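Following: one structure in structure tokens, then a few remarks.
The values are calculated or read from the model by the stated rules, or taken from the named source; none is laboratory data. Everything numeric here is computed off the predicted structure, so don't read it as measured data. Positions of Cβ are backbone-derived with ideal geometry, glycine not excepted, and every protein chain shown enters the neighbour counts.
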Amino acid sequence: MKLQWMQVGVLVALLTVPGWCAAQPHVAVLSDMESLEAWEGPAELTTDRRQGKSAMCIKMGKGGAYTLTHKDFAASGIDLTKYDVLKFDYKITGGRLTLDTNMRQWPFLGGYQGEFYPLKDSFRYPESWQEQVVNLAGVENCRRGYSKDEPQFLLIIHAEADAADVRLYLDNLRFVKRLITVECIDDRFMHFGERHDQAEGSLQYRYDLRVTNRSEVKQKVRMRVSPEQLRHFTAGEPAADAEVQPGETVTMPLVISLSAEARKTLKPFYYETCRVTFDLPGVPDSDFWVELLPAVPYQAPAQHPYLLVTPERVKLMRSWVEKWGWAKSAAQSALARADFAMQFDPNLPSFTPREEQPGDRICPNCGDQTELYVVEDPLSVDRFQCTRCGKMLSPKIDRAYRDTGYWWHPEHPDPRSPEPGHGVVLSRYGNVLDLAVAYQLTGERRYAERVAEVVRAYNRVYPDYPLVRTEAYSTFDSKAGGRIGGFFDDFGWTERMTDTLDLIWDAGVLTAEEKQTFLETVLERCITSRIRLANYMVHRLNQAGGGYAILADSAPLGALVMESPYGLRPHLIETMRTDGLNYMAPQYQSVTMGMILPILRRYDNAGLDYYTEPVRKHFTSWYLWTDPDGNTPDLGDSTWTSYRSHTGLWLFEQGYAKYGDPSMVLPVQEHLYAAWQKSKLKWEDLPRPFNFPRSYDVLLYGVENIPRGKPDASWPSQNFDDYGLLVFNQGQGDKRLWMALPYGKPAGHGHHDKLHFEWWALGQKMTKKGGGYATAPGGPWWKHPATHNTLLVDQRDQMNVPGVLETFVGEGPVQGAVITHDDMYPGVRLQRTVMLYDGCIFLFDRAESQQEHIYDFAYRNAGQLTVPPAPREGVESLGHEVNNYGQITGYTVFRNIRKGTVSSPLHVTWDSLLNPEARVRLTQWADPQDPAELLLVDAPFDQSWAKFCSDADQIYRQDYPDGPEGKFQYYGRALLVRKSGKTAGYFTALEPYLREPRIAELQRLPLTVDGKPVTSSEGVAFRMQIDGVSHVLMMCPQPGAKRYANRTTRAFFECYSEGEVESF
């Protein structure tokens, strides 16, 4: 097979550049790091450099987020349109990090370019100097613009330390115009070559490397081979130097071989890398290097791998359909969808856009109809920009009302194309796969023949299909509101077509040539639009390419998506925590594992074991951190989700099928038991939950029967110590509590989540973060801790660093923990002590520093907030913070601010919850010796908060930041309690109750540590009434012997009714 390359895009022909870089007109040096005067940010010079006298060093300790700004970018004279790549030298020590490069310059790429993770934290880089090359016109690079008039160059770094000291070294940032280019898989600078299996068992990869002279003069091109990383493969001699005329392309071949003896000892998809560099001798930065990936193939192409389902499994599932009602139900659902798909003509029309007409090309942002600026990048999703307002626009603005179709609703045909169409058969719900599954379920050839007709139609249309990134932007039908982004989606669609071909491979309905044509065409387009990306989410790339690599017998692709640093095995090892949670956020369990599990199953069927210990733990850890309603906490950039949804439940059954551990299928058993109680069906006839619409998954990958009966759905409190997440479960009835508190490793995507907590009581979730990714339209305010339930210093964002769990108690009537953060705000120690007791949550928060600071306790709760007396003094604004994209964030989002002084215990109540008799009262201690400032603000809330209230429209105000027709977010009341000084302490009681409050007569008690009195910022002790019974409470995270209420203890926290003691 060929499937070798994609040509590197070139912006423009070589142009004249400013005189200041005339010595090397194809290079513009932004910074040689001999001085840092042009940089603003936390960097210093170091003699550990790549070349020259010095380099830049950013010391990040245990991690965090850092931004470096080039102050003189506008004055540098660098015109980005004259260059192809950004090059820089780097070295990372002590941990992992991501590095974004962000540039604004009109009209380059519509004014804004943001390289999406040129360095990424999903794997560790060698601790030695490396060179990074970033394509300035790459697929992911063109982002939405925000300013036409303010050029900028930023480096944005997010670091995660594996040790105690992570550092980034940077040197020689320069823009380079390519004098020569080499056809390769763009952005990855990779070439698959063409494999030739020799008769005696050896392998040969031939690489016909096509080099083009982009300069205006004849050039002598040199080819150098670096075989240092080849251990089993052997590289041949490089091609001789070539004289290349301007604009001419020459082929410079290389052969890499593997002996038959070595091949026998290596596993499938074992690969090695070999770098080949082309340059112009004596011309600095004329080099263009390409990585070659010779790899061991999976097996002989003639042997069918049976990826989705084996013949043995087909026999088994057919027998289940005969025996069990659940299997018959799943089969009937699958066959009904297949019979529905059989009704439609499988042919596809050709794409024919109509001519532009009045009313086209109107900017939806400002309503202006002007000549749009066109981004000269055929693969960019944001192709146009309004020259009036600067908004980046998709091709829809250009192609609206101009398409003849591919997408027609049979029940609502387009009047311009009245024939009922083929979208249903080829929709994103995988109707083609339904047909193939029906063939395996029944053995009826008519289903396979219809699939073959569809494949032939794809072979006709797909090569010229105007694909843009993952979506078919040529296929808008704006009046009908439809589009077919899922037709040729390179992730889900490619996965489904892999399964489809696999299921009908031996049916005899497609010729070998038709199969080969389809595989080569689709895979070439996948390379064009997604595989070329070095920086995209690897689980999606693996989903798209994994099955195709086996089916198409492409060993280099298999090595890339399975074994390379971008592949499945490193992804599972590096990004799945040992406690079973995903490194980005546990919410990614359903997203990531929903993509990864089908890959694992396919490989398992093909005899390739990619299951890891974290994957095994995933099947139990996922539900163990959910609240009693089955909902997850908000962590990372995702909002909460439920494991009890069908989308999640099918994953648990697959875990049970793989490992045989009954605890893995507990959520499915819980679901079936609830259905069984309401049904007259036998247990074995109850329909299984599945990921709609794939009812057949339970047949292909499920188990014959789920354990009967009601499972124990109450789980103990947990410490997920690798991720760094505490989950408390305590109490029964109206005193049942659930609480989640992240403390550990960073969650990613700029969401730090440190010391934030959310909790559940009285049958509902009481609080969460203000919002999650894409849950509200008003910018990324939901990333900032000001909208979380946490502690902040000087109104600044938190550093993304892990805290230290000092103690954790997850059993008994008193549960709690102490968490310390020394690095989240450098120079400030923050401690949060949490205790759950008798249906109430108690917090003691303390801040300590050698310097004066402003400390804020931030909290929001569902429901209508009431505070007597309400503060009256108005504050115009608490800040004017914007992020690197020009969007407001942090305290800037607060409105209608009122403040007042608090010198006695503060009581705040929330009502209008789901249970009309339910209330939450927050009590926070204050007295004349320890006053505080209360700030009540209108803060943004995403729409999911409506699910926690009886009447959200009465509690919150709808806000439309993108205009009256845009998506809305809520604004509602939240509170900040502010203290200033070197130290501060907050004691807070959160008390859920029905009708009448439970806590009364809060009385401060003297407290000493090792005989010395402690201040209210060091620890507290109280006597109080709970339901009319006297209780004593102490919270003090200081080491030593505590003395209070005639009792001595070394515990950090304890609470007891008079005469009973529970301490820790």
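Key figures
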item: Residue in the stretch 829-844 that is under 15 Å from L755 (Cβ atoms), without any contact (Cβ under 8 Å) to a residue 60 or more places away in the chain and more than 25 Å from the chain's Cα centre (by Cα) present; result: yes
item: Meets criteria (under 25 Å from F288 (Cα atoms), modelled with pLDDT of 90 or more, part of a strand (DSSP E or B) and not assigned by TED's automatic domain parsing to the domain that holds D285) for F88; result: yes
item: Checking R231 against (1) farther than 26 Å from G247 by Cα; (2) surrounded by 15 or more Cβ atoms within 10 Å (Cβ to Cβ); (3) at pLDDT 95 or above, the condition it does not meet; result: (2)
item: Residue among G702, G724, G630 that is more than 21 Å from the chain's Cα centre (by Cα) and on the phi > 0 side of the Ramachandran plot; result: G630
item: Tally, over the stretch 712-745, of residues that are surrounded by fewer than 19 Cβ atoms within 10 Å (Cβ to Cβ) and assigned to a loop (DSSP other than H, G, I, E, B); result: 10
item: Any hit, the stretch 655-668, residues being surrounded by fewer than 19 Cβ atoms within 10 Å (Cβ to Cβ), at pLDDT 90 or above and assigned to a loop (DSSP other than H, G, I, E, B); result: yes
item: Identity of the residue in the stretch 885-902, surrounded by fewer than 17 Cβ atoms within 10 Å (Cβ to Cβ) and farther than 25 Å from A926 by Cβ, that ends up farthest from the chain's Cα centre (by Cα); result: R895
item: Qualifying positions in the stretch 819-847 - in contact with a strand residue (DSSP E or B) (Cβ under 7 Å, 6 or more places away or on another chain) and surrounded by fewer than 17 Cβ atoms within 10 Å (Cβ to Cβ); result: G827, R829
item: Matching residues in the stretch 766-795 - criterion: being charged (D, E, K, R) and either buried (at least 24 other Cβ atoms within 10 Å of the Cβ) or modelled with pLDDT under 95 (or both); result: K768, K769, K783
item: Residue that is within 22 Å of G607 (Cβ to Cβ), within 42 Å of the chain's Cα centre (by Cα) and charged (D, E, K, R), where the choices are R231, R275, R263; result: R263
item: Candidates P940, P905, P931 - the one that is over 26 Å from H751 (Cα atoms), in contact with a Phe, Trp or Tyr (Cβ under 6 Å, 6 or more places away or on another chain), touching a residue at least 12 places away in the same chain (Cβ under 8 Å) and not hydrophobic (A, V, I, L, M, F, W, C); result: P905
item: Whichever residue in the stretch 851-874 is part of a loop (DSSP other than H, G, I, E, B) and over 30 Å from the mean Cα position of the chain (by Cα) and, among such residues, is nearest to L762 (Cα to Cα); result: G863
item: Yes/no for G724 being in the same structural domain as V834 (by TED's automatic domain parsing) and of a type outside the set (A, V, I, L, M); result: yes
item: Subset of the stretch 570-587 (residues that are polar (S, T, N, Q), under 15 Å from W622 (Cα atoms) and modelled with pLDDT under 80); result: N582, Q587
item: Among residues of the stretch 951-1003, those that are without any contact (Cβ under 8 Å) to a residue 40 or more places away in the chain, farther than 26 Å from I841 by Cβ and not in a loop (DSSP other than H, G, I, E, B), counted; result: 3
item: Filter result (modelled with pLDDT under 75, surrounded by fewer than 24 Cβ atoms within 10 Å (Cβ to Cβ) and either of a type in the set (A, V, I, L, M, F, W, C) or more than 27 Å from S122 (Cβ to Cβ) (or both)) within the stretch 134-148; result: Y146, S147, K148
item: Selection status of Y723, closer than 18 Å to G580 by Cβ and at pLDDT 90 or above; result: no
item: Scope the stretch 235-288; condition closer than 26 Å to L608 by Cβ, outside any loop (DSSP other than H, G, I, E, B) and either in contact with a strand residue (DSSP E or B) (Cβ under 7 Å, 6 or more places away or on another chain) or of a type in the set (A, V, I, L, M, F, W, C) (or both); matching residues; result: I256, S257, L258, A260, A262, R263, Y271, C274
item: Search result, residues across the stretch 799-831 that are polar (S, T, N, Q) and out of contact with any Ser or Thr (no Cβ under 8 Å at 6 or more places or on another chain); result: N800, T807, T820
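Each row is one residue, and each column tells you yes or no for (1) within 26 Å of M103 (Cα to Cα); (2) surrounded by fewer than 21 Cβ atoms within 10 Å (Cβ to Cβ); (3) not charged (D, E, K, R).
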residue: F153; (1), (2), (3): yes, no, yes
residue: A164; (1), (2), (3): no, yes, yes
residue: D171; (1), (2), (3): yes, no, no
residue: V176; (1), (2), (3): yes, no, yes
residue: I185; (1), (2), (3): yes, no, yes
residue: A199; (1), (2), (3): no, yes, yes
residue: L203; (1), (2), (3): no, no, yes
residue: Y207; (1), (2), (3): no, no, yes
